Amino acid sequence: QVQPVESGGGLVQAGGSLRLSCVASGSIFSIAAIGWYRQVPGTQRDLVVLITSAGRTNYADSVKGRFTISRDNAKNTVYLQMNNVKPEDTGVYYCRIVAPGDSWGQGTQVTVSS
């Protein structure tokens, strides 16, 4: 089973930027649909953005125009560029290999201060 590993979280001021990375080993990476999810304590994990193997993307309305997902299949890495962040972007961000299979990373904390 492929295990995604997230990195890049931290504390950032509102209006600032942050880039998250998700690395996953294995030959399936290039054919995988990969998503970023956000979870706030006491709530469910919500989809932030999904990218398919063909590069199609689906963003949550709350992040459209501010967040950008990209993938580098040669490096088995997906990035989430977060610009103009807001306090409501705070949460634990999880990388998920949606298909094939279903694997979650351990998450990385993002905290946006006002």
Residues within the range 52-103 that are within 13 Å of Phe29 (Cα to Cα), surrounded by fewer than 13 Cβ atoms within 10 Å (Cβ to Cβ) and among the charged types (D, E, K, R), tallied: 3
Some residue of the range 24-42 being out of contact with any Gly (no Cβ under 7 Å at 6 or more places or on another chain), part of a strand (DSSP E or B) and open to solvent by 40 Å² or more (accessible area, probe 1.4 Å): no
Qualifying position, being more than 18 Å from Pro4 (Cα to Cα) and touching a helix residue (DSSP H, G or I) at 6+ places or on another chain (Cβ under 6 Å), among Val112, Val85, Val63, Val40: Val112
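The values are calculated or read from the model by the stated rules, or taken from the named source; none is laboratory data. Please read all numbers here as calculations on a predicted model, not as lab measurements. Every residue, glycine as well, gets a Cβ built from its backbone with ideal geometry; the counts of neighbours run over all protein chains shown. Each accessible area value is taken on the protein alone, full model and side chains, heavy atoms only, with ligands, DNA and RNA left out. Shrake-Rupley method; radii C 1.70, N 1.55, O 1.52, S 1.80 Å.
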